[in-house]
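Here's the structure, in C-alpha cells; my notes come after.
The values are calculated or read from the model by the stated rules, or taken from the named source; none is laboratory data. The model shown is predicted, which means the values in this text are computed figures rather than measured ones. Reconstructed Cβ throughout: ideal geometry from the backbone, glycine too, with neighbour counts over all protein chains shown.
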Amino acid sequence: MQQITCLNCPLRCSIDVEYDESAIYSIERNNCERGYRFAIDLLDLPNRNMFGYVKVENSTSKSVKVITTKPIPRDLIPVVEEMLSKITLNAPVEVQDLVIKNVLDTGVDIVAASQAL
Ligand code: SF4
C-alpha cells in the first residue's frame, strides 16, 4: 500500500493505492473521480494530466485555471509550467478556450478551465 497526494484541487487528498509492476489492485480514500484518475495516471502510465494558472488582463479575475485535454509525459510538465508562466490572456476568457495548441508537439492542447469576464 502506498499513499499518494492528489494535486487536482486544494483539498490535497491522501489516496491509498495498492499496486505492483503489473496492475493497480485498489484505490481508496479519493474523494472524487478526479482523484481516481489522478492515481491511475500517476502510477499506471508515465503520463498525467496537469493543470495550472495563466494571467489575465482586462478582467476582475487575475488568472484563469488551465488544463491539458489529455495526459502528457510527466517529464514535460515543468517545461509546460514555465510556458504557462509567460502567457497573458486577454479577457473575456471562456471555459474550453484554447490556450496552447499541440503543446510541445504532444498532440495535446491546453484549454481554459475557468472563466474571466
Ligand atoms: S480526490 Fe478529488 S477532492 Fe480530493 S484532492 Fe483530488 S480532486 Fe480534490
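For segment 63-79: of the residues being out of contact with any strand residue (DSSP E or B) (no Cβ under 7 Å at 6 or more places or on another chain) and under 11 Å from residue 104 (Cβ atoms), which is modelled with the highest pLDDT? Within segment 63-79, the match that is modelled with the highest pLDDT is 79. Going through (1) surrounded by fewer than 18 Cβ atoms within 10 Å (Cβ to Cβ); (2) assigned to a helix (DSSP H, G or I); (3) within 16 Å of the ligand (Cβ to nearest atom); (4) modelled with pLDDT of 90 or more one by one, residue 104 falls short only on (3). Do we find a residue being over 12 Å from the mean Cα position of the chain (by Cα), more than 29 Å from residue 40 (Cα to Cα) and aliphatic (A, V, I, L, M) anywhere in segment 92-103? Among the residues of segment 92-103, at least one is over 12 Å from the mean Cα position of the chain (by Cα), more than 29 Å from residue 40 (Cα to Cα) and aliphatic (A, V, I, L, M), which makes the answer yes. Here's a check for you: in segment 1-36, which residue that is near the ligand (Cβ under 9 Å from one of its atoms), not in a loop (DSSP other than H, G, I, E, B) and not polar (S, T, N, Q) is surrounded by the most Cβ atoms within 10 Å (Cβ to Cβ)? Across segment 1-36, the extreme among qualifying residues is 35. Pull up segment 1-31, narrow it to residues that are in contact with an Asp or Glu (Cβ under 9 Å, 6 or more places away or on another chain) and of a type in the set (Gly, Ala, Ser), then point me to the one that is modelled with the highest pLDDT. Here the answer is 26. With respect to the conditions (1) out of contact with any Pro (no Cβ under 6 Å at 6 or more places or on another chain); (2) without any contact (Cβ under 8 Å) to a residue 60 or more places away in the chain, residue 51 lacks only one, and its number is (2). Quick one: would you say residue 41 is charged (D, E, K, R), assigned to a strand (DSSP E or B) and surrounded by 14 or more Cβ atoms within 10 Å (Cβ to Cβ)? The answer is no for residue 41.
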